1. Report the residue count in the stretch 268-295 for those that are within 22 Å of Glu13 (Cβ to Cβ), open to solvent by 20 Å² or more (accessible area, probe 1.4 Å) and hydroxyl-bearing (Ser, Thr, Tyr).
2. Could you look through the stretch 180-197, keep only residues that are part of a loop (DSSP other than H, G, I, E, B) and touching a Ser or Thr at 6+ places or on another chain (Cβ under 7 Å), and pick out the one that is farthest from Gly257 (Cα to Cα)?
3. In the stretch 181-200, what residues are open to solvent by 60 Å² or more (accessible area, probe 1.4 Å) and within 18 Å of Gln51 (Cβ to Cβ)?
4. Being of a type in the set (Lys, Arg) and either surrounded by 19 or more Cβ atoms within 10 Å (Cβ to Cβ) or part of a loop (DSSP other than H, G, I, E, B) (or both) is the filter here; which residues of the stretch 158-174 pass it?
5. Taking Trp144 as meeting all but one of (1) surrounded by 15 or more Cβ atoms within 10 Å (Cβ to Cβ); (2) in a helix (DSSP H, G or I); (3) in contact with a Leu (Cβ under 8 Å, 6 or more places away or on another chain), write down the number of the exception.
6. Could you check the stretch 1-29 and list, in sequence order, the residues that are open to solvent by 50 Å² or more (accessible area, probe 1.4 Å) and either modelled with pLDDT of 95 or more or polar (S, T, N, Q) (or both)?
7. Name the residue, out of Asp121, Asp139, Asp163, that is of a type in the set (D, E, K, R), within 22 Å of Ile20 (Cβ to Cβ) and in contact (Cβ under 8 Å) with a residue 12 or more places away in the chain.
8. Within the stretch 218-228, track down each residue that is open to solvent by 30 Å² or more (accessible area, probe 1.4 Å) and either farther than 30 Å from Phe134 by Cβ or under 17 Å from the mean Cα position of the chain (by Cα) (or both).
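The values are calculated or read from the model by the stated rules, or taken from the named source; none is laboratory data. Small disclaimer: the values here were computed from a predicted structure and weren't measured. Backbone-built Cβ (ideal geometry, glycine too); neighbour counts: all protein chains shown. Just so you know, the surface numbers come from the protein's heavy atoms only, side chains and all, with ligands and any DNA or RNA stripped out. Shrake-Rupley method; radii C 1.70, N 1.55, O 1.52, S 1.80 Å.
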Amino acid sequence: MPDHPDTLAKFAEADTAFKILESQCLRWSAPVLFSDPFELNHRTALAFDPQTLLQSVIRAACGMIFAREEPRGASPLATVIRRWRDEERFGSPEEAEEVLSELMARMVDQRQDEIDELMGDWRLYTRSLRICSFSAKVDNLTAWQYFANEHRGAAFKFQCGDDTPLRHPQAVRYNLARPEITSLKEQLNVVLYNEKLRSQEFFEDKFLVKQPSAKNESEWRCLMNVNAEESAKSTDESLWYSDVKFAPEHLRSVYLGAFMPVATKKKLVELVTEKYPETKIFQAEATPGKYEIGFSRVTLKN
């Protein structure tokens, strides 16, 4: 069984809805084109610089020397610190920091080379990444409010699966912790404890987390990477998108917003009927006395 719904809902303002239907395409965008300032993208920097990392490593190593318990692990640094502790090499943290500064500087320089490589990979990945967003259900009031022009737009129910452009949709998680490309703590553990870290393997996961306040969106995302070399040629960020074709049969149904203007509704129904004769059309209706919407089938008169 797939770990995603059979269908997902795409919400759009009326003008965008017409473009989707006329072009038979969905737009997949690079992260930099999203309006969320908390969305990571190719411009995102690390929360620490080499000097901060060096100072943190020195403080942590010094703490290991004078801690009540011996340092954990079998890393070269932990082994050296255990020997220093047995020898009572240092009489004060200040004395230890003087020796550690030179040693840690070499280790951090070596680590910085890998961090620089990581950031190069990150920028290439995020320039070529394309994301298309959906919601789980068509009765999502938050999605209608924010993505369908306050119920004046439309929603499309698309088929998901291996034989569609929406092959592997993934649910967005809503966490308090904001994703980072890599954290200071992760890099400290690499230097101090020789932990293995391959942050590149988790790039995709960074785009499947959002703040808890967005939970009502019930967002699902489809991700793909276009040709990285072709993407890197363009410096115009406004062009970092891909319009991906879908087959008419993949559009299962169209939902007209509860407050869509009559003239817009008429034009949209005509367009769907002409280009997608097998697609069902529904009219959203506000439920009296409740913060809910229902749907009624739109049937055309012969």
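1. 2
2. The extreme case among them is Asn194.
3. The answer is Lys185, Glu186.
4. Hit for the stretch 158-174 is Arg167, nothing else.
5. All conditions are met except number (3).
6. Matches in the stretch 1-29: Glu13, Asp15, Thr16, Lys19, Glu22, Arg27.
7. On the way: Asp121 fails: within 22 Å of Ile20 (Cβ to Cβ); Asp163 fails: in contact (Cβ under 8 Å) with a residue 12 or more places away in the chain.
None of the others qualify; the one that does is Asp139.
8. Ser218, Trp220, Leu223, Met224, Asn225, Val226
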